[in-house]
Amino acid sequence: MATKLLIDAIRDTLFAEMRADDRIIVLGEDVGARGGVFRVTAGMIDEFGEERVIDTPLAESSIVGVAIGAAVHGLLPIAEIQFLDFIHPAMDQIMNEAAKIRYRSAGDFGCPLVIRAPYGGGVHGALYHSQSIEAIFTREPGLKVVAPVNPADAAGLLRSAIYDPDPVLFLEHKKAYRLIRDEVPENGHTVPIGKAKVVKEGSDVTIISYGMMLHESLAAAEALEAKGGSSVEVIDLRTLRPLDTETILASVSKTGKVVIVYEANKVGGVGAEVAALIAEEAFPYLDGPVMRVAAPEVPAIPFSPPLERAFLPNAETIGAALERLAAF
Amino acid sequence: MTHHDPGGVGTEARATAPTGLSDADLVRMYEFMALARALDERMWLLNRAGQAPFVISCQGHEAAQIGAAFALQPSKDVLVPYYRDLAMVLYFGVTPRDIMLSLLARRGDPASQGRQMPGHFGSRRHNILTTSSPVATQVLHATGVALAAKYRREDTVAWTCVGEGGTSEGDFHEALNFASIHRLPVVFFVENNGYAISVPQRKQMAIENVAARAAGYNMPGVTVDGTDPVAVYAAATEAVERARRGEGPSLIEAKVYRFTAHSSDDDDRTYRDPQELEAQRVRDPVARFRATLLEQGVLSEEQDAAIRSRITAQINDATEFAEQAPYPDPSELTLHVYGS
Ligand SMILES: Cc1ncc(C[n+]2csc(CCOP(=O)(O)OP(=O)(O)O)c2C)c(N)n1
Ligand SMILES: [Mg+2]
């Protein structure tokens, strides 16, 4: 098995599926000669041509809206939004159209569309190149939202997303692109949408996370265990909608303590839903409060390094939460 | 249509009538352009030295911006810029020190106290609206500023800038439509450098001139050679006067060229033939204007040398000033979320 960076796992999967299925087209800003601003689609236009790799005008509503039209008419479009921060002009198309087409037509139409978007902070991207606004989408029935950070998971989930009958928002952490490397199976492996993964087993406390915060969580868990503290179980949600309630509840019932870690604003984030789920379904097993470590209630991540650092949770702030929880 | 050719336009749009610019004005125009260029070059130096994580440039746009700026009155007109408008904001009163504080994300950066990336201008004191990254959102704000100015019976013109790429967004079209219906005192200034990052104009729109978009909204649309500040000044003055007379908005397209990569995060060699860039060098607006002024005897070599050393001193001062400025304190993170 080859080891790959996250970005290469995504790119290789796109290439493999485009070779295998000519219904797939890619459209977005700078996806052609430039190969995308992060280079995920590098080389694609040379192999597949301008008909399948479309450099769009700078207009996100058209990227998603046209992709919807193509999806309902036999193609499997993969739309790229250059940064998740710039998805807003397409919101009507995503929320009122893609997410509702199946329901409003009582199943007569489906919308097999993938929207890829880099998200996340820690890259000096400032207010508008760092946002983690996934929770806007996870509240939307009709949409699926995945956020893999492990390269094999990204490859497997991308393949599932492409052939899923419904619209999938595929979130790629831009800091992880060239930072996270792991083994990736060849031969068309898939990872089912809606399945979380226990990435580290433990018995005293559960951390539930995703994206780059998964890696901060793992670091916090290892630091705590190295000090002889609690044994920590770490779960990567991978899919943010639908949530894998089974894996979440099984772990929390075992450990009785949980910290949910995410880099989006705390209020109304994915962690709020996970916490509510645990409170409703696992209350008898809890030995302490359901805790969240997330970003403060400021609108976005500032540019200046000290402010960016102060915004993002990290292994230390997660560790502090683990220690507070250990006291219960 | 192939790649747009700024050299192919503007002969008819070039100022023929007296522009009302004195020789001193022309020299002042040149000094602003040269300052913007030199400041921009310094920002790249700092980027390469690892001191500035991000740079976005005005190189190639200076003549368009300064020609436009001279048609405005910074004391009462409102500028709604985009990230390339370094030369324009300098004319409106932003200083090289301000720019360097923003570049290095230091406390005291008047645009955002280090919160925004460099190039995201804004200063109430200077009548420059705060700006974001999502392209073309500002075009609607300028329209709203004009709506309020008209309502308040002010003699204010709103001037907004956007790249040709941004004219594909719905917000751009909605702004033009709204402004034209209400005959608002706003000028839409498109700095057309032929690229939206890597995407050439022919993949962005099926028209040769962005100015053609004006017709769909029943407002004047002109294309000018954006490497000639005097031509831009003439077109801008006409649009501003029209707005002040209450006759409504105008669209001006200035054809320019982008002499740098899109930003310091870009590598333009992946999509732009270096020969194309080299061929455009003859149209470098700063070098050309300098040559014109020298040739016309408006500027002397000695004057030019004095201007250049003044600029270098200003930029050295600004760089040192910003390097010594502190970063914001982490406690400032939560300030200014709400006003009360
Ligand atoms: C809504 C939105 N989508 C995408 C981007 C990313 N982006 C930043 S600048 C740019 C290209 C802009 O091109 P143009 O408007 O021609 O201006 P130029 O940079 O050429 O001056 C893109 C795609 C953005 N900032 N906002
Ligand atoms: Mg452009």
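Listed values, structure above:
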quantity: Estimated inter-spin distance, B:Tyr151 and A:Asp46, nm [label 7 Å along Cα→Cβ]; calculated: 5.5
quantity: Kirkwood Rh, Cα atoms: Rg over Rh of segment A:126-198; calculated: 0.98
quantity: Cα-based shape type of segment A:232-328, given that a ≥ b ≥ c are square roots of the gyration tensor eigenvalues and the cut on a/c is 1.5; calculated: prolate
quantity: Three-way shape label, segment A:1-73, alpha-carbon gyration tensor, a/c 1.5; calculated: prolate
quantity: Largest-first principal axis extents of the Cα set of segment A:205-285 (Å); calculated: 34, 29, 20
quantity: Distance violations [Cα-Cα > 30 Å] among A:Lys174/B:Lys255; A:Lys100/A:Lys254; A:Lys100/A:Lys200; A:Lys100/A:Lys266; B:Lys76/B:Lys203; calculated: A:Lys174/B:Lys255; A:Lys100/A:Lys254; A:Lys100/A:Lys200; B:Lys76/B:Lys203
quantity: Other protein chain Cβ atoms within 10 Å, averaged over every residue that makes up B:326-335; calculated: 5
quantity: Hull shadow area, averaged, chain A [alpha-carbon convex hull, nm²]; calculated: 16.4
quantity: Packing-based order for A:15-24, B:292-301, B:33-42, using average beta carbon neighbours within 10 Å, highest first; calculated: B:33-42, A:15-24, B:292-301
quantity: Selected from A:His173, A:His189, A:Pro77, residue furthest toward positive end of dipole (chain A; charges at beta carbon); calculated: A:His173
quantity: Karplus (6.51, -1.76, 1.60) ³J(HN,Hα), θ = phi - 60°, over segment A:281-295, in Hz, Gly and Pro reported as x; calculated: 9, 10, 3, x, 8, 6, 10, x, x, 6, 10, 10, 10, 8, 7
quantity: Per-residue average of Cβ from other chains inside 10 Å of B:113-124; calculated: 4
quantity: Estimated translational D of segment B:160-204 in µm²/s (Stokes, Kirkwood radius over Cα pairs; 37 °C; 0.692 mPa s); calculated: 291
quantity: Charge dipole (the protein assembly as shown, unit charges on Cβ, about Cα centre) - positive-most of A:Ala20, B:Thr130, B:Ala243; calculated: B:Ala243
quantity: Size of charge dipole - the protein assembly as shown - debye, nearest 20, with Cβ of Lys, Arg +1 and Asp, Glu -1, no other charges; calculated: 1000
quantity: Phi-based couplings in Hz for segment B:287-302 (Karplus 6.51, -1.76, 1.60; Gly and Pro marked x); calculated: 4, 5, 5, 4, 4, 4, 5, 5, 4, 7, x, 7, 10, 9, 4, 5
quantity: Distance in nm between pseudo-label sites at A:Phe109 and A:Glu297 (7 Å out along the Cβ direction from Cα); calculated: 4.0
quantity: Value in Å of the Kirkwood radius, where segment A:162-239 supplies the Cα pairs that are averaged; calculated: 14.4
quantity: Highest to lowest packing among B:268-278, A:163-173, B:206-216, B:45-55, scored as the average C-beta count within 10 Å; calculated: A:163-173, B:206-216, B:45-55, B:268-278
quantity: For chain A, calculated [θ]222 nm from helices alone, where every DSSP H run of n ≥ 4 adds -39500 (n - 2.57); calculated: -10000 deg cm²/dmol
quantity: Cubic angstrom per residue, convex hull over Cα atoms of segment B:200-330; calculated: 231
quantity: Normalised contact order of chain B, rounded percent, pairs of Cα under 8 Å and 6 or more residues apart; calculated: 25
quantity: Rounded to 10°, Cα long-axis angle of helix A:315-326 versus longest principal axis of chain A; calculated: 50
quantity: Tail weight of P(r) past 16 Å, computed on alpha-carbon pairs of segment B:96-141, percent; calculated: 34
quantity: Over segment A:2-184 - Rg/Rh using Cα atoms and the Kirkwood inverse-distance radius; calculated: 0.94
quantity: Built amide H within the under 5 Å cut-off of A:Ile25, gap 5+; calculated: A:Leu76, A:Ile78
quantity: Approximate shape of segment A:285-328 as ellipsoid semi-axes (Cα gyration tensor, √5λ), whole Å, largest first; calculated: 27, 11, 5
quantity: Peptide A:32-38 - average C-beta neighbours from other chains (10 Å radius); calculated: 5
quantity: Dimensionless Rg ratio for chain B, taking C-alpha atoms and the 2.2 N^0.38 Å reference; calculated: 0.95
quantity: Pairwise Cα inverse-distance average, inverted: Kirkwood Rh of the protein assembly as shown (Å); calculated: 26.6
quantity: Net charge of Cβ neighbours under 10 Å - reference B:Thr227; Lys, Arg +1; Asp, Glu -1; calculated: -1
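Every read-out reported here was derived from the displayed coordinates using simple, explicitly stated rules and does not represent laboratory data. Fair warning: this is a prediction, and the values are worked out from it, not measured in the lab. Quick reminder, even Gly has a Cβ in these numbers, built from the backbone with ideal geometry, and neighbours come from all protein chains shown.
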